[in-house]
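The values are calculated or read from the model by the stated rules, or taken from the named source; none is laboratory data. Worth saying up front: this structure is predicted, and the values here are computed from it rather than measured. Cβ placement follows ideal geometry from the backbone for every residue including glycine, while neighbour counts extend to all protein chains displayed.
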């Protein structure tokens, strides 16, 4: 089924409920640019940090969850940045890939959330492990472990004119496939049609629901609250461990229904 056919067969509806997102946090670190998601010293991080400093369109008084929409305007994002070392075409590549994801080809921002807290954590865990495995491949003699901190935010959303793709999971396996071309094409159509958000089956949790949000207006201001902090640690010898980042660093059991590379 082509993406346009899916939209023709899927009726418009309403979502009234919570969404959760795990975002980078400064707890316990003190990195001013922690929402960008790169480690200090990485070339992509240094580029993004410079752009965030030099570009007036990035409004740091806005809540952290709105940053994906600010970073997505690449022409605006690059207009005040000139590099004597990195050609523009090389500079553009990492910035496009900052926004590239399941429902974006990199030309627009998407706020990726989930209907369940555990699903938002599973999505983070999957990509975190992928990043660690890439580091192991590139630096097998150096990589030992990697830590990140996340906070879970909860937002109550009431939005009409949305699509629910979950009933089509059996008919359209591309919705949860590792290849993203189908979902990216679908996301482009949703963006063009000004659809605020969609409900789609999670590729990382059985019966989990992801909520890609395409419009900043779908995120109510003043209704965002932090509910938990988590510490993720991937060790090359022992694998992934997750703790709740309270004072006591409480161990947190990874649910059995998470579809992580470690389980394969």
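Is it the case that residue 148 is under 22 Å from residue 18 (Cβ atoms) and assigned to a strand (DSSP E or B)?
no
What are the residues in the range 152-173 that are more than 17 Å from residue 14 (Cα to Cα) and surrounded by fewer than 17 Cβ atoms within 10 Å (Cβ to Cβ), if any?
Correct list: 169, 170, 171, 173.
Quick one: how many residues across the range 131-166 are in contact (Cβ under 8 Å) with a residue 24 or more places away in the chain and farther than 23 Å from residue 111 by Cβ?
Residues flagged as in contact (Cβ under 8 Å) with a residue 24 or more places away in the chain and farther than 23 Å from residue 111 by Cβ within the range 131-166 amount to 8.
Of all the residues that make up the range 98-109, how many are modelled with pLDDT under 90 and within 25 Å of residue 255 (Cβ to Cβ)?
Number of matching residues: 1.
Quick one: count up the residues across the range 238-249 that are touching a residue at least 40 places away in the same chain (Cβ under 8 Å) and in a loop (DSSP other than H, G, I, E, B).
Going through the range 238-249 one residue at a time, the tally reaches 1.
On the phi > 0 side of the Ramachandran plot and either in contact (Cβ under 8 Å) with a residue 40 or more places away in the chain or surrounded by fewer than 17 Cβ atoms within 10 Å (Cβ to Cβ) (or both) - does that describe any residue in the range 250-263?
no
Residue under question is residue 198, and the condition is that it be surrounded by fewer than 18 Cβ atoms within 10 Å (Cβ to Cβ) and within 17 Å of residue 2 (Cβ to Cβ); does it hold?
For residue 198, the condition - surrounded by fewer than 18 Cβ atoms within 10 Å (Cβ to Cβ) and within 17 Å of residue 2 (Cβ to Cβ) - is not met.
Search the range 222-234 for residues being surrounded by fewer than 20 Cβ atoms within 10 Å (Cβ to Cβ) and touching a helix residue (DSSP H, G or I) at 6+ places or on another chain (Cβ under 9 Å), and hand back the single one that is farthest from residue 124 (Cα to Cα).
Here the residue is 224.
Given the criterion closer than 30 Å to residue 249 by Cα and part of a helix (DSSP H, G or I), identify the matching residue among 134, 182.
So the residue among 134, 182 that is closer than 30 Å to residue 249 by Cα and part of a helix (DSSP H, G or I) is 134.
Can you name the number of the only condition in (1) in contact (Cβ under 8 Å) with a residue 60 or more places away in the chain; (2) within 16 Å of the chain's Cα centre (by Cα); (3) under 18 Å from residue 112 (Cα atoms); (4) not in a helix (DSSP H, G or I) that residue 232 fails?
Condition not satisfied by residue 232: (3).
Test of understanding: among 177, 203, which residue is within 24 Å of residue 117 (Cα to Cα), touching a residue at least 12 places away in the same chain (Cβ under 8 Å), within 18 Å of the chain's Cα centre (by Cα) and surrounded by 14 or more Cβ atoms within 10 Å (Cβ to Cβ)?
203
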